[in-house]
């Protein structure tokens, strides 16, 4: 580091202060520092984005920025650069805030001695280096731990499956008659095997999330069906503990714009957690409704009459590997990953999760997800300036599952969606979320603002691109593309775009329902 010329960027609009700082640095050994002086934050952002700067001396009060805001802007332009902030005020709160935002030091103008500035620069560089090394070590440790857990989880799956399978055979009497005491032992074995299998699945889920293998496919999802699935799944465990689990579906509940599998997973985690920490005779209740604070969101709640959570733990309960130990009978029953996974899945679907609790009386876990709105999806193309003769066209791309393998079928569907997205113009067309399979078919829908000739071009382009892909050339996955036009619609005088989009969405929904019915009858 001694042989390296440190590139220093001074961002200071006061010429006197800038001259003083330059004089201080000029007394150092020639070739130690190279100073660039700028007076505006915007100029500094551009220079930082180009790279090559080692240290920034940043005035906290500039003509185009002030306080912690400009520090954040500098960090955004170059997150790796060493930051030293300058101010004319001895403000401890501001100093603490600057340190939290990533500054390595805080210098007060008028109190900087000649030798203090160069030393501050060198110390800041060294602290930055040590911090980077520590961060890298922690990152490597976490990666090694996660790799180990992922490997062990995969290796444990097969023997646990065998243990579960053969224990079930014995418990079912298929290997001969067993005594009542043996039946009790087998139930204990199966219960603990199930617990281990659940832990392994949690570990693999976290591993997939951290390695980017966890997928989320947003579509129109019934919250009622997802909640009913979770309640049915945990009904047996709740009955064994004497706990009543209930869910009252709502006919007026809007669909969620979410991944159906992931939504069921979130609800299963929350209901399972509630059952674990609720004593015999307690209640677990699942509710869902439109979120009163934001009509574009759906609120789902899982409440219990269990032991509750201490106030200081409610913020930490969603952390990785964090556990709350029930002082009662529940005890430690997992790895502390369930709620962490639930939070991650909610966030990936554009939502938020939180908990409120009263120790000794129970907890209420709540999360919100975006409500599915066909009108919101098609509104951008309705707002696009229409050419004369333009209409709304609905394209239907159909891929038949045939008798291909599940992996091949999944890959074919993924390729189809990718090709459809690539063939569309974002300002005049939109690929709608996935529509569920109908009698071995998978349907993809596209709404486009176009003319008759344009619709033919789009259809031929999609069909040509789909036909060129190796994954879809097999007779096991035949594809077809067709389109229909919606009845001509125009926005009425004084009609809001929201209302117009809602009217158009009704027509699109009718066309989709017709297409689904036709394919189902085929």
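The values are calculated or read from the model by the stated rules, or taken from the named source; none is laboratory data. Here the structure is a predicted model, which means the values were calculated and not measured. Counting neighbours? That spans all protein chains shown, and the Cβs are built from the backbone with ideal geometry, glycine included.
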Breaking point among (1) on the phi < 0 side of the Ramachandran plot; (2) loosely packed, with under 10 Cβ neighbours inside 10 Å; (3) at pLDDT 80 or above, for residue 158: (3)
Some residue of segment 178-200 being assigned to a loop (DSSP other than H, G, I, E, B), at pLDDT 85 or above and over 30 Å from residue 416 (Cα atoms): yes
Residue in segment 492-509 that is under 17 Å from residue 374 (Cβ atoms) and at pLDDT below 85 present: no
Whichever residue in segment 470-491 is out of contact with any strand residue (DSSP E or B) (no Cβ under 7 Å at 6 or more places or on another chain) and part of a helix (DSSP H, G or I) and, among such residues, is modelled with the lowest pLDDT: 471
Whichever residue in segment 492-520 is in contact with a strand residue (DSSP E or B) (Cβ under 7 Å, 6 or more places away or on another chain) and surrounded by 12 or more Cβ atoms within 10 Å (Cβ to Cβ) and, among such residues, is farthest from residue 394 (Cα to Cα): 519
Considering residues of segment 340-357 that are part of a helix (DSSP H, G or I) and more than 10 Å from the chain's Cα centre (by Cα) only, the residue nearest to residue 304 (Cα to Cα): 342
In segment 212-226, residue farthest from residue 264 (Cα to Cα) [restricted to those that are touching a helix residue (DSSP H, G or I) at 6+ places or on another chain (Cβ under 6 Å) and buried (at least 20 other Cβ atoms within 10 Å of the Cβ)]: 221
Residue satisfying all of: in segment 48-67; over 16 Å from residue 107 (Cβ atoms) and surrounded by fewer than 19 Cβ atoms within 10 Å (Cβ to Cβ); modelled with the lowest pLDDT among these: 66
Single match in 374, 394 (criterion: at pLDDT 90 or above, under 30 Å from residue 515 (Cα atoms) and crowded, with 17+ Cβ neighbours inside 10 Å): 394
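Given the criteria surrounded by fewer than 14 Cβ atoms within 10 Å (Cβ to Cβ) and closer than 22 Å to residue 132 by Cβ, does residue 76 qualify?
Values: surrounded by fewer than 14 Cβ atoms within 10 Å (Cβ to Cβ): yes; closer than 22 Å to residue 132 by Cβ: yes.
Here the answer is yes, as residue 76 does meet what is asked.
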